[in-house]
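Just so it is clear, none of the values below were taken in a lab; they were calculated from the coordinates. Since the structure is predicted, the reported quantities are computational estimates derived from the model, not experimental observations. Positions of Cβ are generated from backbone atoms using ideal geometry, with glycine treated the same way; all protein chains shown enter the neighbour counts.
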Amino acid sequence: MSSELRTKQNASETRVSNSVQVDLDGRFMLPSGEEYPCKIVEMSTGRILFSTPVKPDLGDKIIVYLKELGGFEGFVERLSPTGFAIGMKLSETKHKKLDEQLMWLANHDALDIDERRRHLRIVPLLRLTTVRLRNGKEHIAKINDISRSGVNVEANVESWSRLSEQRPAEFKWIPAGLC
């Protein structure tokens, strides 16, 4: 193996950053399509540690959605008395973005850092709305906040993992929700 190839391989193997203790609510889906609430207690760019009474099988593919960070998928690597852990393989772009988000989560309380938003966010007085998807289905949604760059809405749908496939044309999927 050439030294150049070995260097690239070693760099990709060491991309997993240190874990960050977090307290994030989320939902995850098992291969069967069943969805469950969960608490994420530790996270890195390569692993997520779940706290939940639901125990998938080792090797199961898990899809998780976290309001603060968005969606991730990986395979169950470890079971514990309080939950399980998945391993993830992220693209270079998603890896870098998650690394920055985790660094912010780890430091924002200790350093008293305000949220870094491009535009001022406003919480409207009337917060209920309807989101109409491309397939014609409508969902009641709650407007969390509005800014010049978009609107953050929260909707309870039957299968949140399929929501991004049916999003309205003028909306884009971001980690905070639909904007």
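Data table
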| item | result |
| --- | --- |
| Cβ crowding within 10 Å averaged over residues, with 141-154, 122-135 ranked highest first | 141-154, 122-135 |
| Cross-link table LYS39/LYS61; LYS39/LYS96; LYS67/LYS137, entries beyond 20 Å C-alpha to C-alpha | LYS39/LYS96; LYS67/LYS137 |
| Virtual spin-label span in nm between THR82 and GLU34, 7 Å along Cα→Cβ | 2.3 |
